[in-house]
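Asker: Dropping a structure here in structure tokens format, bear with me for questions.
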Amino acid sequence: MKTIYLILLLVTVSNNLYSKTLQVGGGKEYATIRLAALQAEAGDTIFVYGGVHQGGMLISKLQGTADLRIFIIGQPDTEVIIRGGGNSIQFSDAKYVEIQGLIIENQTSNGMNIDDGGDYSTPAEFITISDCIFRDISATGNNDLLKMSGVDNFIIKSCIFENGSAGGSGVDMVGCHNGKIQNCIFKNMGSNAIQAKGGTQYIEIYANYFENCGQRTLNLGGSTGLQYFRPIDAKFEAADLQVYSNIFIGSLAPIAYVGSVRVDVINNTIINPERWVIRILQETVDESRFEKCGNNRFENNIIYFGNISTETNVGTNTAPETFTFRNNYWYNHQNPNWQGPNLPATEINQVVGLDPFFENFTNNDFRLKAASSARSYITYTGMPIQDYSGNNYLQPRSAGAFEFNDNTVVKESKESLFVITPNPASDFITIQLRNKGLQPFAADRVQIFDMLGLEVISTPSASQPPTGEGNLRIDVSHLPTGVYFVQIIGSNGACSIVKKFVKM
């Protein structure tokens, strides 16, 4: 049975009667993606078959249009691996290109490069990267899994970044603008998971999972050579960034504001930073040109930590007194007598010393229990609107990346009929079916689909009593790391409900 996700994919890649499908792989029309790209025109799809493809490709001026994008799509239900090379592919001056379903591994420089071809007046733009895996880089220096220089209007979604270079980033942006990084997983990075510098502006970092991401999980700013700024006269390393509804586990410092202004870090859950929670630094110093790091916000976050060096590390040439700290929920689980964080500005409506009561800390399930005082205490109507799971924040809202969902409350949305835990999951997921106060619901079948709409698991489910609730446990240990959709089919097909989970 095809889901709406597969239908949307087919509609997307078949957007024009005159478009071509250029097939890449052994025995196919084109031996490499680069050769296919030389022939691709607006509206075409480069379809890459499963197997290992050699990296080290340069693709210049691959350009679709707003109505006719060019797609590079990996064959569903197979591993489409681009291995080795200095980088897998360097896209220079690309426009209106969508890349889906590729695995990038073992490069010696950067995993993938996207740039403006050296002409700062014509950025690469309207680039979408989805459902890709960037992993196992064969480098130890300042090498990035995804390097973007002069890229505007982009989306990176539902991708996995793991095992990065000791001195590099998962995603490194130099002079990039108007972008979104959402629903991605970052694990085992070297220097940072995401770096935004060199005049980068208007980037949303939303609903991502970060685990053990090195020196600074998010380097919100940085240090850039003056000749690389885009625009060349930018007065900041980074500005107007939004960090919403993310989960952070480990790293020396999850959040680093570095030469950045107007950066909002709101409604995130931060777990066990190793040395600091926040760093405030200025590494590009020229008071006649650059604004001091300041006018940034840190609000509505849950910080669950042990004994660290200090909560906030403040460097010279910064303006820490201009920061806003509000509604944050601080809990030192190793020191019940801890008196509160060391902050450079007075925090408004601070909560200190109360256990947030996560649903299942051991399994990285950081949803809030009903007993948590971190839920529903914040009067706030700004961004973000949705939490890590895509549920709307309420009014008043909860602190952290998850809005509290009271199972006893009757909700009209069909999605209230089941929840998936843990999420992310490694070996098993438990589907909690429930109908308290709702119409009778019994599950006839459970299906799990990958991001390309292919069914990977289908299992009959014992029907649940119409007045009770029950759990169904499903083994997902054999599934590759990625994002999946669970679909519950009700009795006689009466209703169909879809939710997403992440396989680690």
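The values are calculated or read from the model by the stated rules, or taken from the named source; none is laboratory data. Just so we're clear, the structure is a prediction, and the values are computed from it rather than from any experiment. Glycine gets a Cβ as well: all are built from the backbone with ideal geometry, and neighbour counts include every protein chain shown. Heads up: the accessible areas ignore ligands, DNA and RNA and are worked out on the full protein's heavy atoms, side chains in. Shrake-Rupley method; radii C 1.70, N 1.55, O 1.52, S 1.80 Å.
Asker: Could you tell me whether segment 300-316 includes any residue that is within 30 Å of Cys184 (Cβ to Cβ) and in contact with a helix residue (DSSP H, G or I) (Cβ under 7 Å, 6 or more places away or on another chain)?
Answerer: yes
Asker: Quick one: count up the residues across segment 253-294 that are open to solvent by less than 20 Å² (accessible area, probe 1.4 Å), in contact (Cβ under 8 Å) with a residue 60 or more places away in the chain and more than 22 Å from Phe229 (Cα to Cα).
Answerer: 7
Asker: Same structure, new question: Which condition does Gly86 not pass, out of (1) open to solvent by less than 40 Å² (accessible area, probe 1.4 Å); (2) without any contact (Cβ under 8 Å) to a residue 40 or more places away in the chain; (3) in contact with an Asp or Glu (Cβ under 7 Å, 6 or more places away or on another chain); (4) not aliphatic (A, V, I, L, M), if it passes all the others?
Answerer: Going through the list (1) open to solvent by less than 40 Å² (accessible area, probe 1.4 Å); (2) without any contact (Cβ under 8 Å) to a residue 40 or more places away in the chain; (3) in contact with an Asp or Glu (Cβ under 7 Å, 6 or more places away or on another chain); (4) not aliphatic (A, V, I, L, M), Gly86 breaks only (3).
Asker: For segment 37-49, does any single residue satisfy the condition of being among the hydroxyl-bearing types (Ser, Thr, Tyr), under 22 Å from Thr122 (Cβ atoms) and over 25 Å from the mean Cα position of the chain (by Cα)?
Answerer: There is no residue in segment 37-49 that is among the hydroxyl-bearing types (Ser, Thr, Tyr), under 22 Å from Thr122 (Cβ atoms) and over 25 Å from the mean Cα position of the chain (by Cα).
Asker: A follow-up question, please. Scan segment 217-232 residue by residue and report those that are surrounded by 24 or more Cβ atoms within 10 Å (Cβ to Cβ) and either touching a helix residue (DSSP H, G or I) at 6+ places or on another chain (Cβ under 9 Å) or in a strand (DSSP E or B) (or both).
Answerer: Across segment 217-232, the qualifying residues are Thr217, Leu218, Asn219, Leu220, Gly221.
Asker: Sticking with this one: Listed residues Phe210, Phe186; which is closer than 24 Å to Tyr388 by Cα and without any contact (Cβ under 8 Å) to a residue 40 or more places away in the chain?
Answerer: Phe186
Asker: How many of the residues in segment 355-381 are surrounded by 13 or more Cβ atoms within 10 Å (Cβ to Cβ) and assigned to a loop (DSSP other than H, G, I, E, B)?
Answerer: The total comes to 12.
Asker: Taking segment 33-55 as the region of interest, how many residues are open to solvent by 20 Å² or more (accessible area, probe 1.4 Å) and in contact with a helix residue (DSSP H, G or I) (Cβ under 9 Å, 6 or more places away or on another chain)?
Answerer: 2
Residues are listed down the side, and each one gets a yes or a no for (1) open to solvent by 50 Å² or more (accessible area, probe 1.4 Å); (2) at pLDDT 70 or above; (3) not small (Gly, Ala, Ser):
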{"position": "Ser477", "(1), (2), (3)": "yes, yes, no"}
{"position": "Ala494", "(1), (2), (3)": "yes, no, no"}
{"position": "Ile497", "(1), (2), (3)": "no, no, yes"}
{"position": "Phe501", "(1), (2), (3)": "no, yes, yes"}
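Asker: If we scan segment 200-216, do we find a residue that is open to solvent by less than 20 Å² (accessible area, probe 1.4 Å), among the β-branched types (Val, Ile, Thr) and in contact with a helix residue (DSSP H, G or I) (Cβ under 7 Å, 6 or more places away or on another chain)?
Answerer: No, the conditions are met nowhere in segment 200-216.
Asker: Residue by residue through segment 325-344, note down the ones that are within 26 Å of Asn296 (Cβ to Cβ) and surrounded by 14 or more Cβ atoms within 10 Å (Cβ to Cβ).
Answerer: First, the residues of segment 325-344 that are within 26 Å of Asn296 (Cβ to Cβ): 325-332, 338-344.
Phe325, Arg326, Asn327, Asn328, Tyr329, Trp330, Tyr331, Asn332, Trp338, Pro341, Leu343, Pro344, listed by residue number.
Asker: Of the residues Leu68, Leu9, which is assigned to a loop (DSSP other than H, G, I, E, B) and either surrounded by 13 or more Cβ atoms within 10 Å (Cβ to Cβ) or modelled with pLDDT of 95 or more (or both)?
Answerer: On the way: Leu9 fails: assigned to a loop (DSSP other than H, G, I, E, B).
Answer to the selection: Leu68.
Asker: Looking at segment 100-114, which of its residues are in contact with an Asp or Glu (Cβ under 9 Å, 6 or more places away or on another chain), over 17 Å from Ser138 (Cα atoms) and assigned to a strand (DSSP E or B)?
Answerer: Gln100 - this is the single residue of segment 100-114 that is in contact with an Asp or Glu (Cβ under 9 Å, 6 or more places away or on another chain), over 17 Å from Ser138 (Cα atoms) and assigned to a strand (DSSP E or B).
Asker: Return yes when Thr140 is over 22 Å from the mean Cα position of the chain (by Cα), over 26 Å from Arg230 (Cβ atoms), at pLDDT 95 or above and in a loop (DSSP other than H, G, I, E, B) and no when it is not. Before you say what the answer is, go through the steps one by one.
Answerer: Values: over 22 Å from the mean Cα position of the chain (by Cα): yes; over 26 Å from Arg230 (Cβ atoms): yes; at pLDDT 95 or above: yes; in a loop (DSSP other than H, G, I, E, B): yes.
Judged against the criteria, Thr140 is a match.
Asker: Still on this structure, please answer the following. Would you say Asn142 is surrounded by fewer than 24 Cβ atoms within 10 Å (Cβ to Cβ) and at positive phi?
Answerer: Taking the combined requirement at face value, the residue does not satisfy it.
Asker: Continuing with this model, one more query. Tell me yes or no: at least one residue of segment 347-354 is closer than 30 Å to Val314 by Cβ, in contact with a strand residue (DSSP E or B) (Cβ under 6 Å, 6 or more places away or on another chain), open to solvent by less than 50 Å² (accessible area, probe 1.4 Å) and part of a loop (DSSP other than H, G, I, E, B).
Answerer: Scanning segment 347-354, I find at least one residue that is closer than 30 Å to Val314 by Cβ, in contact with a strand residue (DSSP E or B) (Cβ under 6 Å, 6 or more places away or on another chain), open to solvent by less than 50 Å² (accessible area, probe 1.4 Å) and part of a loop (DSSP other than H, G, I, E, B), so the answer is yes.
Asker: Step by step: first the residues of segment 295-315, then only those that are part of a strand (DSSP E or B) and hydrophobic (A, V, I, L, M, F, W, C), then the one that is most open to solvent (accessible area, probe 1.4 Å). Which residue is that?
Answerer: Once the filter is applied, the top-ranked residue is Val314.
Asker: While we're on this one: Take the residues in segment 89-132 that are more than 20 Å from Ala36 (Cβ to Cβ) and hydroxyl-bearing (Ser, Thr, Tyr); name whichever of them is surrounded by the fewest Cβ atoms within 10 Å (Cβ to Cβ).
Answerer: Among them, the one singled out is Ser121.
Asker: If you don't mind, there's one more thing I want to ask. Would you check if there is a residue in segment 233-244 being in a loop (DSSP other than H, G, I, E, B), over 27 Å from Tyr393 (Cα atoms) and either open to solvent by less than 10 Å² (accessible area, probe 1.4 Å) or small (Gly, Ala, Ser) (or both)?
Answerer: Yes, because at least one residue in segment 233-244 is in a loop (DSSP other than H, G, I, E, B), over 27 Å from Tyr393 (Cα atoms) and either open to solvent by less than 10 Å² (accessible area, probe 1.4 Å) or small (Gly, Ala, Ser) (or both).
Asker: Testing Asn153 on (1) open to solvent by 30 Å² or more (accessible area, probe 1.4 Å); (2) outside any strand (DSSP E or B); (3) not small (Gly, Ala, Ser), one condition comes back false. Which one is that?
Answerer: Condition not satisfied by Asn153: (2).
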